[in-house]
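S.K.: Submitted below is the structure of interest, expressed as structure tokens.
Nothing in this text is a laboratory measurement; each read-out follows from the coordinates by a stated rule. Just so it is clear, the structure is predicted and the values come from calculations on it, not from any experiment. Quick reminder, even Gly has a Cβ in these numbers, built from the backbone with ideal geometry, and neighbours come from all protein chains shown.
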Amino acid sequence: MSTDRTAILQYDQRFFDAMVAGDADLLEALLSDDFVLVGVEDGAVADKKLILDLVASGALQFPQIASFPDEAIVRVVGSVAIVVGRTGMSFTKPDGTAFVAGSRYTHVYAAGSDGAWRLLSAQGTTIKD
């Protein structure tokens, strides 16, 4: 387990890349079994199974997620890493409507016994213009 800022931000980017690619298999590996996401648009809570199902079916698509790692705040406390960052993203919701947002996010990672980080929790807050 690397506690290096760069390594943790690489895990963070892998999550974004998996969402853009619609790669449910990679998400399966990156997310903890008890993963929880709080949506940036409406604060809805989604668990790992729901996210994987939506991504695998194509019902939830992220054509673009831009992250800004130079601005990220990374803290490591024991076997937990917290990343506070910013994104610009577009996505298509399960009902087919498109959504574009800038957000601040908090990602909480825990180190697994294999030394890899797993994303436990993700929460986004829309940045209003």
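S.K.: So for the chain: antiparallel DSSP bridges make up what percent, rounded to the nearest 5? Can you show the working numbers first?
M.R.: Details: 35 of 39 bridges.
The antiparallel fraction comes to roughly 90 percent.
S.K.: Next up: Of Val74, Leu119, Leu30, whose Cα points farthest to the positive end of the dipole of region 5-126 (charges on the beta-carbon: +1 Lys, Arg; -1 Asp, Glu; origin at the Cα centre)?
M.R.: Selected residue: Val74.
S.K.: Under unit Cβ charges (Lys, Arg +1; Asp, Glu -1), what dipole magnitude, rounded to 20 debye, does region 5-126 have relative to its Cα centre?
M.R.: Numbers: 9 positive and 15 negative charges, 72 e Å.
For region 5-126, the charge dipole is close to 340 debye.
S.K.: Contact order normalised by length for the chain, with contacts defined as Cα pairs under 8 Å and 6 or more residues apart; what percent is it?
M.R.: On the way: 252 pairs, mean separation 32.9, N = 129.
Once normalised by length, the contact order is 26 percent.
S.K.: Calculate for the chain the 222 nm mean residue ellipticity that helices alone would give, adding -39,500 (n - 2.57) per DSSP H run of length 4 or more and normalising by residue count, nearest 500 deg cm²/dmol.
M.R.: -8000 deg cm²/dmol
S.K.: Amide H neighbours of Val40 under 5 Å, at least 5 residues apart or on other chains, H built in the peptide plane: list them.
M.R.: Gly124
S.K.: Another question, if that's okay. Please list, in chain and number order, the residues 5+ apart from Phe35 or on another chain whose amide H is under 5 Å from its amide H, with Hs placed from the backbone.
M.R.: The list, which skips near neighbours in sequence, is Lys48.
S.K.: Tell me the label only: which of [x] 72, 41, 20; [y] 48, 30, 29; [z] 41, 32, 22 is Cα extents along the principal axes in Å as calculated from this structure?
M.R.: Comparing each candidate, only [z] matches the computed number.
S.K.: Quick check: net charge around Tyr109, other residues with Cβ under 10 Å of its Cβ, Lys/Arg +1 and Asp/Glu -1?
M.R.: So the environment of Tyr109 carries a net charge of 0.
S.K.: Let me ask something additional. With a 10 Å Cβ neighbour count serving as the proxy for reagent exposure, in which order, fewest first, do Ile51, Ile65 appear?
M.R.: Details: Ile51 20, Ile65 17.
Result, fewest neighbours first: Ile65, Ile51.
S.K.: Please turn the phi angles of region 93-110 into ³J(HN,Hα) values with the Karplus equation 6.51 cos²θ - 1.76 cosθ + 1.60 (θ = phi - 60°), one per residue in order, whole Hz, x for glycine and proline.
M.R.: 3J(HN,Hα) across region 93-110, in whole Hz: 6, x, 7, x, 7, 8, 9, 10, 8, x, 9, 9, 9, 10, 10, 10, 10, 10.
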